[in-house]
1. In whole Hz, with x marking every Gly and Pro, tabulate ³J(HN,Hα) for the stretch 343-354 from phi via Karplus 6.51 cos²θ - 1.76 cosθ + 1.60, θ = phi - 60°.
2. List 361, 127, 346 from most exposed to least, where exposure is judged by having the fewest other Cβ atoms within 10 Å.
3. Can you tell me, using C-alpha contacts under 8 Å and at least 6 residues apart, the relative contact order of the stretch 234-386 as a whole percent?
4. Go through the stretch 172-270 and name the GluC sites (Glu not before Pro) that are in a DSSP coil and have 14 or fewer other Cβ atoms within 10 Å of their Cβ.
5. Could you check the spin-label model distance between residue 72 and residue 251? Points 7 Å from the Cα along Cα→Cβ, value in nm.
6. Test of the criteria: in the stretch 56-138, which GluC sites (Glu not before Pro) are in a DSSP loop and have at most 13 other Cβ atoms within 10 angstrom of their Cβ?
7. Rank these for me by crowding, 81, 266, going from fewest to most other beta carbons within 10 Å.
8. Sort the stretch 247-386 into rounded, prolate or oblate with this rule: let a ≥ b ≥ c be the square roots of the eigenvalues of the Cα gyration tensor; rounded if a/c is under 1.5, and if a/c is not under 1.5, prolate when a/b is larger than b/c, oblate otherwise.
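Just so it is clear, none of the values below were taken in a lab; they were calculated from the coordinates. Because the structure is predicted, anything quoted here is derived from the model rather than measured. Every residue, glycine as well, gets a Cβ built from its backbone with ideal geometry; the counts of neighbours run over all protein chains shown.
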Amino acid sequence: MPTKTATRQKRTEKTPKPDDGSINGSSSKTTSKNSSQLAGTVTDKINLKEAQAEYKDRKKHQLESIKKTDKELLREILYQMVLGRVFEQKCAEVYRMGKIGGFCHLYIGQEAVGVGSMLALKEGDYTITSYRDHVQAMVAGITPEAVMAELFGKAGGNVGGKGGSMHMFSKEKGFFGGHGIVGGQIGVGTGMAYAQKYKGTDNVTLCFFGEAAVNQGIFHESLNMAQLWKIPCIYICENNQYGMGTSQARAMSISNIASKAEAYGMANEFVDGMDVMAVREATERAIERARKDGSPTLLEVRCYRYMGHSMSDPGKYRTTEEIKKYQERDPIVLFKDSLKEANVFTDEEFVEIENKAKEATQKAIDFAESSPFPDESELFTDIYAN
């Protein structure tokens, strides 16, 4: 498959004012780059006419996709994105109150990636990801209550309160983490997909990682093996353009991540990660290849996180203008605008979906608050020593 061109982006090193990435933020009608143009040179000055043209182009694509998609699926896509946003905003709030300890990496701004790709899976497919895993865990079917209680370190948490923010896990839901080591999950995900092939199934594995993990040796070893052995693994690079506080331009000599798969003869694609329908369609194409003959795919999904790398990150390496630029085409606002134009939902239905997400998040908070801490006897259980 041909790869779309991605060139290095320019960055500035000024101090931004933190933003919570509110769903009801600025309008997406003066938007940033579409899937191919997102990769181009970025400056703080935005050509308004160009931005409006790009918005119309992206909106046209979304509208065409929406017309071909079942209404209930569209409702589920929107609900999962809104739930992810509301849930993560609440996480930020309670973290500042001291109720969540340790590291906490939020997904605000990247919801279209996890939701768009994972809702294309079927029973028996697997997912594995990095430490930014709350939203993907919920899309996999782990309840918001279990995720929030895990963040609180409570016994009612997804793994009994002993994994915390970075280590959600459910064998029953096909969700295998939540991994804290940069790139560590790539080799594991490749092995999971190999097991699916070995068992003779047509199932696939989605393996998520950030662009900083691409510089790890395990990334290249895994892609080489996957293509050589036809392992049905779909590698999804969530390129939010910053590895912690370091911009991609400063850390990667070739910033076109999708093209790196060409060294191994692997199918690859550059995807606009602010467009949930584009993400879903690219994932579906990759899944079709994998189910057919085990062919793996590398998807570079360009997105943007509005918050810092983690809750401890003040984000002094980005300008306010840069953050606002991406908020202008917020993935949730863009999707809602397209759904409105297509007359899919009424205003009352939009309110109902958002209220449902708020209620689910509050229910999760109440459950986490009331759940007890793990008993001391649990301190040394589930420990493996070699």
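1. These are the phi-based 3J(HN,Hα) values: 6, 6, 10, 7, 4, 5, 5, 4, 5, 4, 5, 5 Hz.
2. The fewest-first ordering by Cβ neighbours comes to 346, 361, 127.
3. Worked out over the stretch 234-386, it gives 24 percent.
4. Qualifying residues, ordered by number: 172.
5. 4.2 nm
6. Sparse-neighbourhood loop GluC sites (Glu not before Pro): 123.
7. 266, 81
8. Note, shape of the stretch 247-386 comes out rounded.
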